[in-house]
Structure formats: C-alpha cells, structure tokens
Amino acid sequence: MKRFARLLDALVYTPSRNGKLRLLADYFTAAPDPDRGWALAALTDGLAQRQVKPALVRELVERRVDPVLFRLSYDYVGDLAETVSLIWPGNPARNAEPDLSEIVERLRVAARTEVPGLLAGWLDALDATGRYALLKLLMGGMRVGVSARLAKTALAMTGAASLEQIEEIWFGLEPPYLSLFAWLEGKAGPPAVDQRLAFRSPMLANPVELADLEPLDPADFRAEWKWDGIRVQLVAGGSEARLYSRNGEDIGAAFPDILGDAKFDAVLDGELLVLRDGAVAPFNDLQQRLNRKTVTARMLADFPAHIRLYDILFEDGGDLRRLPFDERRRRLERWHGRIVPPRTDLSPLVPFAAWRELASLRDAARADGVEGLMLKRRDSAYAAGRPQGPWFKWKRDPLLADCVLMYAQRGHGRRSSYYSDFTFGCWRGGAEGAAELVPVGKAYFGFTDAELVEIDRWVRAHSTERFGPVRAVEPGLVFEVAFDSIQRSSRHKSKLAMRFPRIHRIRWDKPHAEADRLETLEKLLNP
Amino acid sequence: MTRRADAAPERWLRKTGRGLYCAPGDFYIDPSRTAARAVITHGHSDHARAGHDAVLTTAATAAIMRARYGAESAGAYDCALYGETRRFGDVAVRLLPAGHVLGSAQVVIEHAGCRVVVSGDYKRRRDPTCAGFEPIDCDLFITEATFALPVFRHPDDRGEIAKLLHSLAVFPDRCHLVGVYALGKAQRVIALLRESGWDRPIYLHGALIELCALYESLGVALGDLRPVSGERKKAMAGEIVLCPPGALNDRWSRGFPDPVTAMASGWMRVRQRARMGGIELPLILSDHADWDELIRTIHDMGAPRLWVTHGREEALVHYARSKGVEAEALSLVGFEEEGG
Ligand SMILES: [Zn+2]
Ligand SMILES: [Zn+2]
C-alpha cells in the first residue's frame, strides 16, 4: 500500500504530463502483481469496488472525532477522503499495514457487515498518505489528474506494445491484468481477446482556421457536419454488439436500443445523438442517457438514441481502413442501402467549391445540432490517433455574453477547497418593476488557477447565503461567457440553456448593471 | 496586582473598527488604521502598519518596521524588553515572547484586577530565530486561530527539512526554489537548514535580502547568503533558492535549471491547496500554532474566558466551550489569510 500511496501523492504534486507518465511507468515496472493491476484498475476506473459509501466513512470518523469539528474541517478541506485522512486519529501500533491486493481481495469476499471493521482497522494502521490512498481507492473519484488514456500511455512506455495495441484489446481485459503485464514484459504474447468485438482506435481531427485552409485545394477535401453529440464506435459481430466512446470506454449499458438493433457485421464510426422526428435534440437530452448502468423503458421512449454515421472501418470482417476516404464513403453508402439498419442514418457530405463558401455555410448552420464542420482529405486512409494533415475540425466561433455571477459551488479534486463551479445570470425586467437576475448557465472552466484563487476570495467575501457546498453571492462580478449555441429549455427559469458555456474573460472592470439582458440572449436562439 | 474573580474586561477592552481598543489606557493593539497610540505584537504587515503616532513594541519589531516602512513608519517608538512594564493611566502593559517571528510578543494587559493576554500570532514549537512562547495565567486569553481545525497538525520541522534535502539528493541537477514569507519563515528555513548541516551558500530573491541582513544584525546567524538574479540563475542546479511565494510562478522564476517548486507553509498540509498553487514539494512549516498547540495553549493559560480571532474561530470556540471555557469569536477587521 505504501508504494501505491506514494504514487498517488507524487501524481498529485506533479503537474506535468511527462512527469506523471514517468511516475506511472516507474510504478508499473517496479510494483508486483497483482498490486499493480489493481492500481491500474483504480486509476482507469475499472475497479468497480464502491463497497464503501461516503456515509460509512463519515459515520466511522464521527465516532472518533467531534462531529462539529469534523464538519468544519470537511467544509474547509472540501474533499472527504482528504479530510478523513488528515483528521483520523491514527493508531499504527495496532495493525500491520495492509497490501493493496490484500485490501481489494479481502473486500471482494467480505460480508457487508464486516466492511466497517475492516476499513477502520486499515485506517488505523496507515499514515495520512496511506489513508488518503485507501479512501480514494475504495470510494472512487481518484482525481489525481490521470486519465485512463494517460495510464495506458504509461503502460505503452514500459513494454513492447503501443498505445493503439493496448487500446484495441483493452475492452477484453480484466483487473488485475496479469496477461497484459506479462505481454508488456515480453513473458507472453498478446492477451487473447475476441477480436470481433474489439475497439479500434479512432481517427481524430486537428482544429483548423480559415487562414490554414486557404493554401489548400478545396477539391482535395470532403466536408461533413460535425454533429453535436458524442463520437462513438459501434462494433457489431452479428449476434453481439458493443458501443464504445472514442476513448474505448464501453458505454453500451446505457444504449440497449442501439445494441439491440445492431444485427449486422461491421465496425462503424458515427455521432451518437438523441433524435426526435428526424431532428437532433439538444445535447442535454443525450446527457440524460449517458453514464447510466441501466435505463428505463420510459427513458428509451423519451430520449430515443440514434447514430449518424461518418465512416465504416470493417464490413463483414473485411478491414477497410486502408482504403481512401472516398472509397470508404462509397462502401458506407452501399452497405447502408443494403442493410437499412434502424436507428442510423448517414451524415451527408456538404458540397462546396471554395473555402469562403464553406465558411458561410458553417456560420449559417448554428441550428440543428451542428457544431461546425469536419474536413477530410478524399484520399485519406483511416489512421488511428490524430495524424497531422488529413482530417480537420472547423468549429464555429463561439457566441459571447456578459453575465453576472450568482452562485458558486465547490469544485472537485484539486479544486475541492475552492469555489470553482459558477452559475451566472442575465438581467430581466426593469423599467417599472425592479430588474432581476435569472440564471442562464453554469461553467467551471475557462480561467487560470491564479484567476480561480481570486474568484474564490471574491466569492467568500461577497456571499449572502450558503446551502451545503453552494454559496449565493451578491451581484457584482461579471463574466464574459463563451458558448457554442443557446437553446430553449423548460428546465431553466430563464427558459434558455447554453451549450458548452465557459468563462471567456473575467470582467473585474465591468459594472454588473451593464451585463447583458435576457432579451439579448433570446435573439441568439436557434431559429 | 490582586486579581478579582468578577473581572469584566469587556467593559474596558473592546473591538472597534480599527481593531482591539483599551479605553482606560487609550491604546489600540495592532490597529488596522493609524492610531495615536498602538501596541504592536510583531512585524507582519497585517499587524504592524505604518503611520501611528506612538508605538510600543519590542526593539526587534521596531527595527523590522523601520526596515519595511522607512522613516515614516511611526512618530515615535517606545521599545520595551520582554517582561518590562509600561503604564498608561491605570493600565499596566508588558510584552512576553510569542515564538512567532523575531521580536514577536504577546501583550499582557492588567487593569481593574483583571489580566488579559492578547496572543498576537504565536507558535509553541522551538524556533532557532526567536524567543519561545511563555505562557502566563490570565482571566481572558485572546488567541489567534489561523490553523484552528483538527486537520492542521504540523509535523516535526526536521522531517520537513529532510524532505527538501532528500529531494536535492534525488535531483542534484535541479534547482530547488522554495517559496517563503519574507519575515520569519525565510530566516527560520535558513536556520533549520544550517542545523541540518546544509552549509553551502543559500541564494535569495531580492525581496528577502534586507530582512535576512536585519536578522543577522540582531544576532541571528544565517551563514553564507547570496543574491541571485539574471545570468546567475543558470548556475543554480542543485542549489537552494528562497523567494517570496508570489515569485514562484511569475516571470522571475524563469531561467532556473528545471526547478523543483517547493513552498514552506502550514497550508501545505492540505494537498489540494498545494496542488492548486502548482507546488511540487510541499513543506509543512508554519510559524503559527497548529490545532494541538492551540489546545495546549488554551489549557496552559488557564483563562476561564477566551476570545478567538484571526482565522477559523468557529472550531476553536466550539472546542473551548466543550471544555467549559466561556469562548466567543471576535472577528477583527484587516487580517488576511496570508502568512502561515
Ligand atoms: Zn504574523
Ligand atoms: Zn497574523
């Protein structure tokens, strides 16, 4: 456990990606099996442990520490695992420090009633760093700035396999990943997984602007709409199918409708959307379906899922990825015409002759769930990763509005002791009646750490009310908010919902009375 | 002085817009705006401000105030030794060591059969650069509460210094940039490094030079200190460079060879705070009392009444009440959550 705790600690304090990669690679090389496999699962969120609920941890700590002092400490620190790790009256003499694998394996077989005793014993035996690691391990939400992809990149650094190779078999592996580590160390061949349902690393595009495009010949490129959903890969092997996010995460459990209709043998690249009467529903609707372990019949009916297809990677077992884009597109159209798979359609190509013509098409298409354009070289093979040159994404410029900060909520992870999630509003009414602020959106990024510290100080000095982790603040701070589009929404008091809002600038200088009015935002609504 | 059981210090000592005011003696303690007479506990800028007419403090604090604010720092200084009594009307005042930074003092005020102690900022652990805190029995203790939560338990100083030296051994090619507050922390870190056997030169950001020189002139030996700037930054691999916290992430910190960013502060105990500041090597070194020290001090002072100020009052008030002490929070204006 010490080694894993030290790893987590070092990850927390190492800001650079390369530094994190080195720490991870060193750990995966040095730590024994099966500890390192459980650590990998914890870091990639594959350790579906969660036997330890926050309420249990609180209960245990409040038996040892004055509950008022605990609450005040938690309020200050912001993160439960960290608060408990610091405040727990350690008792290292009582037990030997547990191993990582001992903890995981013991909990797997433990009866529910045994869990509190086990946990308290381990917390006693560990020091503050160990307690933090233990609680993060068991409660989830590691938040040490390591994505699953970063962990896999570090694995690729330790051994014989490339990141793409690891990603392509990842779906078939299980903790503690003994076969994976044996392969990386050259002690065995690649782990045997059923390749028919494998995830293939997708091809990604680089952002581009008009000035970058102008030297290029438009005739070499095909344009498609970039739909406002999430990029997915649908892998179907006849009787069985899987749905992956673009990072190879299996998201199928939330989409039985899609999987149930995938009765063909193909690997497809497309955009997952909620579609009603042929129209793309707001992204918010798709979010109702995401990140769920199960879905109700009601949700299936209310938020019907759909895939708008961009590309075909395999057809009836044949690998098409080396073919040029135009040829794959022809095959995709022919295949789709032949199979007519439900819950899918083709993302149309957008004809154009000149870049400026395309630019005006792009700007006019703020409606209908379009985020911008994808540009693909007509001769491009489907290459894993983000190669420079063949594919571009050309997003619309964001819309901007000046909004007034209304509520601030504590963040998570490294931001847990700062107010970092902001709800902001615009003015309504006025003239005769008094003007009031109505919330129009919420954002938690777009500012630097230094700015966050300043905003946090401002929030603490200007709060008027507190509800749990949320503070209401007096009107005074103006944010220039950038967003991709704005839609009608019945769920908000303002009847508006911003898509992808972020803080563009903090207008310390701007008087809050001069922030935008609701009517100004309504003018930006999709027609 | 004969102390009386029915002492009611709130009749003559109260919180005002400028800070704590003693009416019968007509003086303020650490006032936030200029005053005719001020008693100053120590030289940190949220306690010692420029421009009071008459200042009672220790000679070291007066020297620090002169160094920071120049000739305008105060109309006149009355420098008292620790334990020496001054009288203002029928109020007796003396200063006792607070163990916070060089010259720091608690203010002991006696009036109408009642003894009040204002702690200023303090700590209880040993500090090679200043005199240690002296507890004294009193009727009302007014304590600081910067780290008044049970999550704040500062580890042993030597262990923290060892973390820095260990990192230097592991990364001999990297410069170790340590953020320290200019008054107190800088000199304490240097003195602790010297005690741990680090006898190489220690390099200083320009903002730290004057106060280090002042400490030396007041008899605190700090060894070989050198300024660093410009081209000399490149030669700092494997060296220790001290700078104010604000310099860690600004333009000044560029040009050092692959620096390890360290910070010496009690706030480093909360990892997400350290992480937000971009700190790679947190050193938990504080000049304020941690939770255990605060608790111990409340006990040592034996006061039946406690006023808590300057930090997380709520937790300490709650604790003291649970131990039968009549405690309340005294929110004074002008104190910032800096230092630590
Ligand atoms: Zn101070
Ligand atoms: Zn202070």
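The values are calculated or read from the model by the stated rules, or taken from the named source; none is laboratory data. Fair warning: this is a prediction, and the values are worked out from it, not measured in the lab. A quick note on method: Cβ atoms are made from the backbone with ideal geometry, for glycine too, and the neighbour counts reach across all protein chains shown.
One residue is enough: does the range A:216-233 have a residue meeting the conditions at pLDDT below 90 and part of a helix (DSSP H, G or I)? No, the range A:216-233 has no match at all.
Among residues of the range A:345-371 that are under 15 Å from residue A:214 (Cβ atoms), those with a Cβ under 8 angstrom from a residue that is loosely packed, with under 13 Cβ neighbours inside 10 Å and at pLDDT 80 or above, sequence gap 6+ or separate chain, pair up as A:355/A:210; A:355/A:214; A:356/A:210; A:359/A:210.
Checking the structure you have, find out if any residue of the range B:5-21 is within 16 Å of ligand 1 (Cβ to nearest atom) and not small (Gly, Ala, Ser). Yes, the range B:5-21 contains at least one residue that is within 16 Å of ligand 1 (Cβ to nearest atom) and not small (Gly, Ala, Ser).
Entry remark, the range A:450-467: residues being farther than 10 Å from residue A:419 by Cβ, within 14 Å of chain B (Cβ to nearest Cβ) and β-branched (Val, Ile, Thr) number 1 in total. So for the range B:204-226 (the condition being surrounded by 12 or more Cβ atoms within 10 Å (Cβ to Cβ), basic (Lys, Arg) and either more than 24 Å from residue B:60 (Cα to Cα) or in contact with a Leu (Cβ under 6 Å, 6 or more places away or on another chain) (or both)), does at least one residue qualify? The answer is no, given that none of the residues of the range B:204-226 is surrounded by 12 or more Cβ atoms within 10 Å (Cβ to Cβ), basic (Lys, Arg) and either more than 24 Å from residue B:60 (Cα to Cα) or in contact with a Leu (Cβ under 6 Å, 6 or more places away or on another chain) (or both).
A search for C-beta distances below 6 Å between a residue of the range B:149-161 that is more than 8 Å from every other protein chain (Cβ to nearest Cβ) and any residue that is polar (S, T, N, Q) and part of a loop (DSSP other than H, G, I, E, B), counting only pairs 6+ apart in sequence or on different chains, returns B:154/B:286; B:161/B:196.
Give the residues of the range B:78-118 that are part of a strand (DSSP E or B), closer than 20 Å to residue B:53 by Cβ and more than 16 Å from ligand 1 (Cβ to nearest atom), sorted by residue number. Listed by number, the residues that qualify are B:78, B:79, B:86, B:87, B:88, B:91, B:93, B:109.
Give the range B:47-62 a look and list any residue that's within 16 Å of ligand 2 (Cβ to nearest atom) and either basic (Lys, Arg) or surrounded by fewer than 24 Cβ atoms within 10 Å (Cβ to Cβ) (or both), or say none. Residue satisfying the conditions is B:49 alone. Being within 19 Å of residue A:321 (Cβ to Cβ), of a type in the set (S, T, N, Q), crowded, with 16+ Cβ neighbours inside 10 Å and not assigned by TED's automatic domain parsing to the domain that holds residue A:25 is a property that holds for residue A:201. Of all residues in the range A:101-138, those satisfying the criterion of being among the hydroxyl-bearing types (Ser, Thr, Tyr) and over 20 Å from residue A:44 (Cα atoms) are A:113, A:129. Only a single item in (1) surrounded by fewer than 19 Cβ atoms within 10 Å (Cβ to Cβ); (2) in contact (Cβ under 8 Å) with a residue 24 or more places away in the chain is not met by residue B:307, and it is number (1). Selection of the range A:127-162 for residues being free of Cβ contacts under 8 Å to residues at least 40 places away in the same chain and either assigned to a helix (DSSP H, G or I) or of a type in the set (A, V, I, L, M, F, W, C) (or both) yields A:156, A:160, A:161.
Exactly one residue among B:20, B:13 is away from ligand 2 (no atom under 16 Å from the Cβ) and at negative phi, and that residue is B:13. If you check B:115, B:124 for being within 13 Å of residue B:297 (Cα to Cα), more than 14 Å from chain A (Cβ to nearest Cβ), away from ligand 2 (no atom under 15 Å from the Cβ) and in contact (Cβ under 8 Å) with a residue 40 or more places away in the chain, only one passes: B:124. Taken as a whole, the range A:26-48 holds no residue that is under 25 Å from the mean Cα position of the chain (by Cα) and within 14 Å of chain B (Cβ to nearest Cβ). Being surrounded by fewer than 24 Cβ atoms within 10 Å (Cβ to Cβ) and at pLDDT 95 or above is the filter here, so list the residues in the range B:100-113 that pass it. Hits for the range B:100-113 are B:108, B:110, B:111.
The set of residues in the range A:482-527 that are under 22 Å from residue A:446 (Cα atoms) and part of a helix (DSSP H, G or I) comprises A:512, A:514, A:521. So, residue A:73, is that one out of contact with any helix residue (DSSP H, G or I) (no Cβ under 8 Å at 6 or more places or on another chain), among the polar types (S, T, N, Q) and more than 16 Å from residue A:4 (Cα to Cα) or not? No, not satisfied. Residue B:35 - would you say it is in contact with a His (Cβ under 9 Å, 6 or more places away or on another chain), away from ligand 1 (no atom under 16 Å from the Cβ), in a loop (DSSP other than H, G, I, E, B) and of a type outside the set (Lys, Arg)? Spelling it out, residue B:35 is indeed in contact with a His (Cβ under 9 Å, 6 or more places away or on another chain), away from ligand 1 (no atom under 16 Å from the Cβ), in a loop (DSSP other than H, G, I, E, B) and of a type outside the set (Lys, Arg).
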